[in-house]
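Enquirer: To start, I am sharing the structure in question, which I have written as structure tokens.
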Amino acid sequence: MYIHEFGDFNEEYLGQLLEWSPTLVVLASQYEKVVSLDVKVDIVIGNLEEGVELQENIRMIPMQKDGIADAMEFLVKEKYPAVNVISKINSFDDLTCYLPDINLVLFTDEAKHYAIKDGFSVWKPAGTVFLIDIIAYFEADNLMQQDEREFVVVEDGLVSFRFQAPYLFIGEVLG
């Protein structure tokens, strides 16, 4: 897991995500907030302010880009297969180059966003809301458009996606 911007992220969701995360990487500016939640940090990206007390066995990685790129490059280099990212940014604009090498899920305060490939199917209950930025034509079964980027599952069952682009970026409202 990588925490880029904690913001108002739900601490209960954080606890659930940490159960599945063997390594916790945080941006230096988020370190004190995360440690205040009694969470063990493994790796810090960037420099901490002078006087900040470090937990034991922390690995420091210099920030050479914008933090999130540094974290992705480190995780890819270390052969991590997947990463959950907590950030206020809900866009994959700067992250698409990492998708061939790492499965990436982007969590914001309100939703989780992820890239899917053509043919992706998932079972969802009726009423589930998907947030989809329409950047390419796609077709889906069991999904009805509500507004510009909100799509609702029509009935309990599989939702299947078909498209030509390399990825489709979808989000699900946390709730």
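What follows is calculated from the coordinates using simple rules that are stated; it is not laboratory data. Given the structure is predicted, the values throughout are model-derived calculations rather than measurements. Glycine gets a Cβ as well: all are built from the backbone with ideal geometry, and neighbour counts include every protein chain shown.
Enquirer: By average Cβ neighbour count within 10 Å, what is the ranking of 57-68, 24-35 from highest down?
Expert: Numbers: 57-68: 13.9, 24-35: 19.6.
Order by mean packing, descending: 24-35, 57-68.
Enquirer: If R0 is 35 Å, what FRET efficiency do you get for Leu54 and Val173 from their C-beta distance, rounded to 0.05?
Expert: 0.45
Enquirer: About the Cα centre of region 75-149, how large is the charge dipole given +1 on each Lys and Arg Cβ and -1 on each Asp and Glu Cβ? Please answer in debye to the nearest 20.
Expert: Here region 75-149 has a charge dipole of around 320 debye.
Enquirer: Per 0.36 nm of contour for each residue apart, how much would the distance between Met144 and Asn10 grow if the chain were fully extended, relative to their Cα-Cα spacing?
Expert: That pair, Met144 and Asn10, stretches by 45.4 nm at full extension.
Enquirer: First check a/c for region 116-173, with a ≥ b ≥ c the square roots of the eigenvalues of its C-alpha gyration tensor; if it is under 1.5, answer rounded, and if not, answer prolate when a/b is larger than b/c or oblate otherwise.
Expert: Cα axes put region 116-173 in the oblate bin.
Enquirer: If you stretched the chain out fully between Asn103 and Val154, how much longer would it get, using 0.36 nm times the residue separation minus the C-alpha to C-alpha distance?
Expert: Values: separation 51, 0.36 × 51 = 18.36 nm, distance 2.78 nm.
Length difference between fully extended and current span is 15.6 nm.
Enquirer: Can you compute the radius of gyration and Dmax for region 33-175, using only the Cα atoms, both in Å?
Expert: 18.1, 55
Enquirer: Output wanted: per-residue J couplings in Hz (rounded whole) for region 94-99, from phi through Karplus 6.51 cos²θ - 1.76 cosθ + 1.60, θ = phi - 60°, x for Gly and Pro.
Expert: 8, 10, 4, 5, 8, 4
Enquirer: Sticking with the crude label model, points 7 Å out along Cα→Cβ, report the distance from Asp38 to Val76 in nm, one decimal please.
Expert: 3.8 nm
Enquirer: Report the residue, chosen from Val105, Val122, Val39, that carries the largest GNM mean-square fluctuation when the chain is represented by alpha-carbon nodes joined by springs under 10 Å.
Expert: Val122
Enquirer: Shifting gears a bit: In Å, what Rg and Dmax follow from the Cα atoms of region 2-109?
Expert: Answer for region 2-109, Rg first and Dmax second: 13.0, 39 Å.
Enquirer: Of all DSSP beta bridges located in the chain, what percent are antiparallel, nearest 5?
Expert: Details: 26 of 41 bridges.
Within the chain, antiparallel bridges account for around 65 percent of the total.
Enquirer: Okay, moving on. Relative to the longest principal Cα axis of the chain, at what angle does helix 68-77 sit, 0 to 90 degrees, rounded to 10?
Expert: Around 90 degrees separate the two axes.
Enquirer: Still on this structure: If the only charges are +1 at each Lys and Arg Cβ and -1 at each Asp and Glu Cβ, what is the size of the charge dipole of region 116-173 around the Cα centre, to the nearest 20 debye?
Expert: Values: 4 positive and 10 negative charges, 41 e Å.
Value, rounded to 20: 200 debye.
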